[in-house]
1. Taking LYS111 as the anchor, which aspartates and glutamates have their alpha carbon closer than 13 Å to its alpha carbon, excluding any fewer than eight residues away along the same chain?
2. Hey, what angle do you get for helix 310-329 against the long axis of the chain, alpha-carbon based, 0 to 90 degrees rounded to 10?
3. Do any of LYS147/LYS207; LYS223/LYS247; LYS55/LYS260; LYS55/LYS285 go past 27 Å between their Cα atoms, and which?
4. Which value in deg cm²/dmol, rounded to the nearest 500, describes the helix-derived mean residue ellipticity at 222 nm for the chain, given -39,500 (n - 2.57) per DSSP H run of n ≥ 4 and division by the residue count?
5. Quick one: of LYS211/LYS261; LYS96/LYS152; LYS35/LYS87, which pairs are farther than 31 Å apart, Cα to Cα?
6. Hey, what angle do you get for helix 91-101 against the long axis of the chain, alpha-carbon based, 0 to 90 degrees rounded to 10?
7. Go ahead and run the numbers for FRET between ASN286 and GLU257, Cβ-Cβ distance against an R0 of 22 Å, rounding to 0.05.
8. Hey, if you put +1 on the Cβ of every Lys and Arg and -1 on every Asp and Glu Cβ in the range 252-337, which of ALA308, PHE333, PHE276 ends up farthest toward the positive end of that dipole?
Amino acid sequence: MTQVFQGRSLLKESDYTPEELEYLIDFSAHLKDLKRRGIPHHYLENKNICLLFEKTSTRTRAAFTTAAIDLGAHPEYLGINDIQIGKKESVEDTAKVLGRMFDGIEFRGFKQSVVEELAEFSGVPVWNGLTDEWHPTQMLADFLTVKENFGKIQGIKLAYFGDGRNNMANSLLVTGAILGADITICAPESLFPAAEVQEMARKFAEKSGSKLLITDNVDEAAKGADVVYTDVWVSMGEEAQFEERVKLLQPYQVNMELIKKTENDNVIFLHCLPAFHDTETQYGKNIEEQFGVKEMEVTDEVFRSKYARQFDQAENRMHTIKAVMAATLGNLFIPKV
Ligand code: CP
Ligand code: NVA
C-alpha cells in the first residue's frame, strides 16, 4: 500500500490536499501531547537533517532543531555565508551534494524557485521554512492554534491586517481557502494579494466553501472576526520600504479599537512573529526616531492582552514541524487520510 507522506517535500500548501493538511495538524496535536507527557517519539533515529538558511530566523530554526532532536535525528545548521551556494556553487550542484549526506533539508530564503530546485535535485524531502512567496510550516502552526482555540477550522473567520501581498498573506489566504476557513485580507489596495494568488485561493474556496474577502475597509474586515492576524509591515529583504509602509499601513494597525470592532469577546490575536509592538528592538528604535511611531503592526496593549495567543502559536511551530518531518521521513504507517 502506498504511503501518502513518505518521501514528499513541503514546498507550498497547495501541494497538499485538505485532508492531508488536517492530518498533519492533528498529528501535531498528538506529538504535542506525547511531548507534554514525556513519551519518546524517536521516529527519525540515525537521520541527518540539513537546516539551510539564507535569511535570519528564531522560531523556524529553533523549531526544526528541537523537533529534529526530539525525533532522534541530528540537525545541522548551514548559514548562507558559511557554504558555497550561490557564490561558488549552483543550487543544483549543492542540492546533489546535500542529498548524498542528509536525509532531509529545510530551506529558508528569498526565491521559491530555489526551494523547488533543491527538492528536484537533492532526492530527499525538502521543507520550505519561508520564501518570499509562501510560509507553509507556519500555516500548520497557525491552524493548529485555531483548532486548539475553537475546536475546528471550517467556518472560522480569520481577518489579516497589513501587507496583503507578502508570504504570510499569500499563505493564509490559500491555506484558509483549502481548509474551509473564511479569510479576509485587509490592506491598502496597492498591497492587495497578487491576482494569481487570489485566483488560486478562489478555486480552493469553491471546493471547501470558504468565504474570501479582499478589502481596504477595516470596519468591514474586523466585524465578526474570530481571529485577528497581523504580520510585520516590512518583510525580510524589503527593508528599503520602511518609510512608505509606515505611512501606508498605520490605519491597519491592530490596536484595541480594531479588536473592539470585531464585536466578538472570544476573538484571539495571532502573529507569526517577530513583532514590532514596542521600541525594544533596533528597528523599533530607528522607526521611532525617524517617524515618531512607537508601535507598528500591533500595539503593546493588544500584544499583552487576554486575546493574545502568539506565543502558543510560536510553540506550535515545533510540534507541527515535527509532524511534517516525521510524516515525510519517518516511514510511519499512514496509508490513507
Ligand atoms: N514566524 C517565523 O517564521 O519566525 P522566525 O523568522 O523567527 O523563524
Ligand atoms: N513576512 C515576514 C514573515 C516572517 C516570519 C517576513 O518574510 O519577513
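1. Of all the aspartates and glutamates, those that pass the test against LYS111 - Cα under 13 Å, at least 8 places apart if same chain - are GLU54, ASP132, GLU133.
2. 30 degrees
3. Pairs exceeding 27 Å: LYS55/LYS260.
4. -13500 deg cm²/dmol
5. LYS96/LYS152; LYS35/LYS87
6. Relative to the chain, helix 91-101 is tipped by roughly 50 degrees.
7. 0.25
8. Selected residue: PHE333.
The values are calculated or read from the model by the stated rules, or taken from the named source; none is laboratory data. What you see is a predicted model; the values in this text were computed from it and never measured. Ideal geometry is used to build each Cβ from the backbone, glycine not excepted, and the neighbour counts take in all protein chains shown. The protein model used for the area step is the full one, side chains on, heavy atoms only, and it has no ligands, DNA or RNA in it. Shrake-Rupley method; radii C 1.70, N 1.55, O 1.52, S 1.80 Å.
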